[in-house]
DNA sequence: TTGCCTCAAGGTGCATACACTTTGGCACGA
DNA sequence: TCGTGCCAAAGTGTATGCACCTTGAGGCAA
């Protein structure tokens, strides 16, 4: 068995493939590697070999380096002089902090959205997210992919709100909070149905507060929404880590959140 | 007179000089350009010419591009494919949002610091900042550089608190909030003495709340501290913009905060 | 066996050359 | 005068070569 190698080299079996729709190769590489990082496909603390990555993507080292520099600036990678880029690791404590921060920033987003009002498209997107959620949760035999489908709806709801706040700074802050692998898209994984229903109800309440232009109420509701999300996730995480009780030192990383 | 040129090229008279203490040239360039950006030495919306910058710093384009990629990742520059890097502009609205965000995140920092406690060095640093502030504000003929000196003290206080919170995520978020030129170091510029005294009193209260391990109180105090700072700054800004009432469309940029 | 030194292989940092894109000016025609 | 198309200059995107640093294996001595 391979025990935890403190520094292992990444990409044993090509988890990153080129995204072709971007204008330049550097941007293609940036998107591809960022997606791989956020999906947790590259193990934390592993070094990234530039030549290897360049070969596997069929480009030279130049766009590779450009992409890695950008991602290091975004905080997804760490750069060590003369040693290259390593995949940044996130501790459990940091994940908890990220939820606290996310509660505050998404709360601020709601406040600003309530102050500034919704555009027609934003209102439509939110109502659609609410409607789709209603429909999904009303299905009598709960579909097996219910959680992943609700995850998409959840993203749509929060995204519309974020656009309504119309603040690039807040978008950047939220990206920082969500850059921790697996915590964004798979939020809903591991929750039971009542949990999802409760959160969907929260969405309804938040939407109404924003629609009625009640900034304080919207902010408070959203904060509570995220904090309860954190609590649920921490509970699930505790269960998961209790299930695999070997190597308790692994708490420093969060790969098990998969 | 040069009216506002929507796209002008930067560095008419070399505002950026190489920082030599870093290990690699790319890091030297990164630090230099970042400092120039945060000091507002490069006009917003101006394009950065790579060859020109390379010549003026006596390096090739490679480390220049590496630095610019990093800074773009940090959000200080924008990158447009095949057109290069542009100095990011911050609107007045965004500056206001940044203060709201800063209030929340520095509040969270205080809460975490109060929960986790101060190390010996952090406690020392904060007490020193408080003591130095007391001394400075007690001088009977107020020294002319009072504000800039208090600015340094202010930074020391907030930095110690940030280290006590011990969260890289929060440090990153704060960097986002403080990346707007001139709002970090020159916070105190333009305030009158009573304002500074009031803020110094706030520091005392915050320190005590953290010392007594009262997270909620510490958070609330810090939030109010930053929000009042925003109010003061906005008042000063309004006065400044009223003083130079020509070209009111200039509100989109914040160069006058100098 | 243990510790240290050497050295070669691997990998990153930087400079440079060239291809491709953008841009602004100029000529031409309406 | 104005719009249009072309073209050259300027500037960015990418590949590549080489210098330097890091790293780990092997030899040597204690």
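For this structure, a couple of remarks:
- Residues that are more than 7 Å from chain A (Cβ to nearest Cβ) and in contact with a strand residue (DSSP E or B) (Cβ under 6 Å, 6 or more places away or on another chain) were ranked within the range B:65-83; the one that is nearest to residue B:169 (Cα to Cα) is B:77.
- Complete set of residues in the range B:163-178 that are at the interface with another protein chain (Cβ under 9 Å from one of its Cβ atoms) and buried (at least 19 other Cβ atoms within 10 Å of the Cβ): B:165, B:167, B:169, B:170, B:172, B:173, B:176, B:177
- Evaluated against (1) away from DNA strand C (no atom under 13 Å from the Cβ); (2) more than 9 Å from every other protein chain (Cβ to nearest Cβ), residue B:104 falls short on exactly one condition, (2).
- Among the residues examined, residue A:42 qualifies as touching a helix residue (DSSP H, G or I) at 6+ places or on another chain (Cβ under 6 Å) and away from chain B (no Cβ under 14 Å).
- Of the numbered criteria (1) in contact (Cβ under 8 Å) with a residue 12 or more places away in the chain; (2) near DNA strand D (Cβ under 10 Å from one of its atoms); (3) in contact with a helix residue (DSSP H, G or I) (Cβ under 6 Å, 6 or more places away or on another chain); (4) part of a helix (DSSP H, G or I), the one residue A:59 fails is (4).
- Of all the listed residues (A:66, A:10, A:26), the sole one being more than 11 Å from DNA strand D (Cβ to nearest atom) and either under 25 Å from the mean Cα position of the chain (by Cα) or at pLDDT 95 or above (or both) is A:10.
- Whichever residue in the range B:140-162 is in contact with a helix residue (DSSP H, G or I) (Cβ under 8 Å, 6 or more places away or on another chain) and not in a helix (DSSP H, G or I) and, among such residues, is surrounded by the fewest Cβ atoms within 10 Å (Cβ to Cβ): B:143
- Yes/no for residue B:97 being free of Cβ contacts under 8 Å to residues at least 12 places away in the same chain and away from chain A (no Cβ under 14 Å): no
- Residue in the range B:189-201 that is in a helix (DSSP H, G or I), in contact with a helix residue (DSSP H, G or I) (Cβ under 7 Å, 6 or more places away or on another chain) and farther than 21 Å from residue B:151 by Cα present: no
- Subset of the range A:69-89 [part of a strand (DSSP E or B) and within 21 Å of the chain's Cα centre (by Cα)]: A:77, A:78, A:86, A:87
- Out of B:129, B:125, sole residue that is closer than 19 Å to residue B:221 by Cα, buried (at least 18 other Cβ atoms within 10 Å of the Cβ), touching a residue at least 12 places away in the same chain (Cβ under 8 Å) and away from chain A (no Cβ under 12 Å): B:129
- Scanning the range B:110-122 for residues being away from chain A (no Cβ under 14 Å) and part of a helix (DSSP H, G or I) gives a total of 3.
- Count - residues of the range A:43-59 that are surrounded by fewer than 18 Cβ atoms within 10 Å (Cβ to Cβ) and within 9 Å of DNA strand C (Cβ to nearest atom): 6
- Residue within the range A:13-28 that is in a strand (DSSP E or B), within 14 Å of chain B (Cβ to nearest Cβ), crowded, with 18+ Cβ neighbours inside 10 Å and in contact (Cβ under 8 Å) with a residue 24 or more places away in the chain present: no
- Residue A:68 satisfies every condition listed in (1) in contact with a helix residue (DSSP H, G or I) (Cβ under 6 Å, 6 or more places away or on another chain); (2) crowded, with 22+ Cβ neighbours inside 10 Å except (1).
- Residue within the range A:88-106 that is within 16 Å of DNA strand D (Cβ to nearest atom) and in contact with a strand residue (DSSP E or B) (Cβ under 8 Å, 6 or more places away or on another chain) present: no
The values are calculated or read from the model by the stated rules, or taken from the named source; none is laboratory data. Given the structure is predicted, the values throughout are model-derived calculations rather than measurements. Virtual Cβ from ideal backbone geometry, glycine too; neighbours counted across all protein chains shown.
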